[in-house]
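Derivation of every value follows stated rules applied to the coordinates shown; laboratory data play no part. Computed from a predicted model, the values in this text were never measured in an experiment. Note: ideal-geometry Cβ built from the backbone for every residue, glycine included; neighbour counts use all protein chains shown.
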Amino acid sequence: MVTRTLNETDVYEITRIHLISFSTFFLTRLGESFLKFFYKSFLKHRDSIGFGIFDNTGLMVGFSVATARSSGFNKSLIIQNLNSFFFIGLKLLVTKPGSLLRLILNLSKKNDPRDDGDYAELYSIAVDPGKQGLGIGKILLAITEKAALDRGCKKMALTTDFYNNSDVVSFYKSLGYVVFYEFIAFPDRKMYKLVKTLI
Ligand SMILES: CC(C)(COP(=O)(O)OP(=O)(O)OC[C@H]1O[C@@H](n2cnc3c(N)ncnc32)[C@H](O)[C@@H]1OP(=O)(O)O)[C@@H](O)C(=O)NCCC(=O)NCCS
């Protein structure tokens, strides 16, 4: 196995793993080309932290993407890719207007009043379903946290589903995450915000 920093050329493999690991997630329903655009924009951002683990044939078996600075990240991502977001927004307006509304409301959602956004944030972590339970997710999370710590971050946070998600919540709790708060994502999806102190 090889572990390395992700770059823009990895978006095809990231998208492949995303599609099989998050088949029912909202972002997945926006389509493969949206996912490629999203991850490419993400990895180009100066605050992104991305790692992949690859098998001996070079095939990705898992990835994680995070930002070292949660506060203002979504806004900054959109501003840096304004033209592309504008055209994707226009396309969604015609093809999936409900999804466009959901995307805008969730991207612009204000945090809980207790949440100042002063932490690194894990946006996505996934391991190929055939390779789960072998310690790959644990390695990905550990190197992501170390990279965040090296950039001066004191905490790492993430959002995950409240319902039908006990395996994933157990994974995070076993690695030191605690519940920060619960909230409802638009339109009616109960979520946990989990957090871990890195130092
Ligand atoms: C969540 C995910 C990334 C975990 O990766 P993984 O490689 O399967 O997990 P690991 O094998 O590294 O497990 C690490 C630790 O988590 C704990 N853990 C993992 N699965 C668990 C489960 N079902 N119940 C309890 N604890 C669990 C174990 O304690 C394990 O520690 P150990 O090695 O000391 O036993 C992976 O299962 C996945 O891709 N799931 C689908 C995508 C997803 O939902 N991502 C999270 C979005 S918020």
Between their Cα atoms, which of 110/146; 96/173; 75/131; 109/196; 109/131 are more than 32 Å away from each other?
96/173; 75/131; 109/131
Would you work out the relative contact order for the chain, in percent, from Cα pairs under 8 angstrom that are 6 or more residues apart?
20
Of all stretches in the chain that avoid trypsin sites (Lys or Arg not before Pro) placed in a DSSP loop and having at most 16 other Cβ atoms within 10 Å, the longest is 47-108
Which residue, 135, 175, 106, has the largest displacement toward the positive end of the dipole of the chain when charges sit on each Cβ (Lys, Arg +1; Asp, Glu -1)?
106
In whole angstrom, how far apart do the alpha carbon centroids of the range 105-129 and the range 20-96 sit?
13
Among beta bridges assigned by DSSP with both residues in the range 56-165, the antiparallel ones amount in percent, to the nearest 5, to 65
Using 0.36 nm per residue, how much length does the chain from residue 74 to residue 168 gain when fully extended, once their Cα-Cα distance is taken away?
31.4 nm
Along the positive direction of the dipole of the chain (beta-carbon charges: Lys, Arg +1; Asp, Glu -1; about the Cα centre), which of 51, 93, 160 reaches farthest?
93
Charged-residue dipole, Cβ positions (Lys, Arg, Asp, Glu), the range 2-150 about Cα centre, Debye nearest 20:
460
Nitroxide proxy distance, nm - points 7 Å out along Cα→Cβ at residue 110 and residue 93
2.6
Please give the direction-averaged projected area of the C-alpha convex hull for the chain, in square nanometres with one decimal.
10.8
